[in-house]
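Novice: Mind looking over this structure? Questions follow.
The values are calculated or read from the model by the stated rules, or taken from the named source; none is laboratory data. Nothing here was measured: the structure is a model prediction, and the numbers come from that model. Using ideal geometry, Cβ is built from the backbone for each residue, glycine included, and neighbour counts are taken over all protein chains shown. With ligands, DNA and RNA removed, areas are computed over all heavy atoms of the protein, side chains included. Shrake-Rupley method; radii C 1.70, N 1.55, O 1.52, S 1.80 Å.
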Amino acid sequence: MKKVIYFVTLLFSSFTFATTSPYSGEITAEDLLAQYPAFAKEYKNYSPSEDDLNTIKTLSGKQVLVFLGTWCHDSKREVPRLLKLLDGSGVKLGSLQLIAVGYDKLDPDGLAKQYDLRYTPTFIVSSNGKELLRMIEKPKHSIAMDLTRL
């Protein structure tokens, strides 16, 4: 009887995991913070330094593409920090695009594959269609320093 209960539990767990997948596709910063409490909590709790707020202004006019997982602990930490830096600094980016990917690191529009995404989060800074730099998973120094080392 114990084996049957274990098997049924295992089968149900596998089915539940297989049929529930995380959100994938483009998402706005507002929707990300409104729909995912862990992201909102980190955004609220993060206090960027004045140096970081000034440093991030170097991104003015640049395009920033962010691949994230709504399920990813590094994304839950780093993406809200970027959003708080951008909001706090008032920097005017050329564009900010947030792309959520599934566990398979894919999105419906194929951007993750196009950009050879391997880890989340991945931040890509571009100017005039030319990739300038990538920050993968977490910063080496600070998110502001790492994203502006152009």
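Novice: Where the centre of each part is set by its Cα atoms, how far does the stretch 130-150 sit from the stretch 39-57, in angstrom?
Specialist: One Cα centre to the other: 15 Å.
Novice: Using +1 at the Cβ of each Lys and Arg and -1 at the Cβ of each Asp and Glu in the chain, identify which of HIS73, LEU133, LEU83 lies farthest towards the dipole's positive end.
Specialist: With unit charges placed on the Cβ atoms, the residue in question is HIS73.
Novice: Output the antiparallel fraction of DSSP beta bridges having both residues in the chain, as a percent to the nearest 5.
Specialist: Working: 14 of 20 bridges.
Of all bridge pairs located within the chain, approximately 70 percent are antiparallel.
Novice: Students sometimes get this wrong: rank ARG81, ARG149 by accessible area, probe 1.4 Å, all chains present, largest first.
Specialist: Working: ARG81 65, ARG149 140 Å².
Order by accessible area, largest first: ARG149, ARG81.
Novice: Which order do SER49, SER126 take by accessible area at a 1.4 Å probe, largest first?
Specialist: On the way: SER49 50, SER126 20 Å².
So the residues, ranked largest to smallest area, are SER49, SER126.
Novice: In nm, to one decimal, how far is the MET145 label point from the ASN54 one, both placed 7 Å along Cα→Cβ?
Specialist: 1.5
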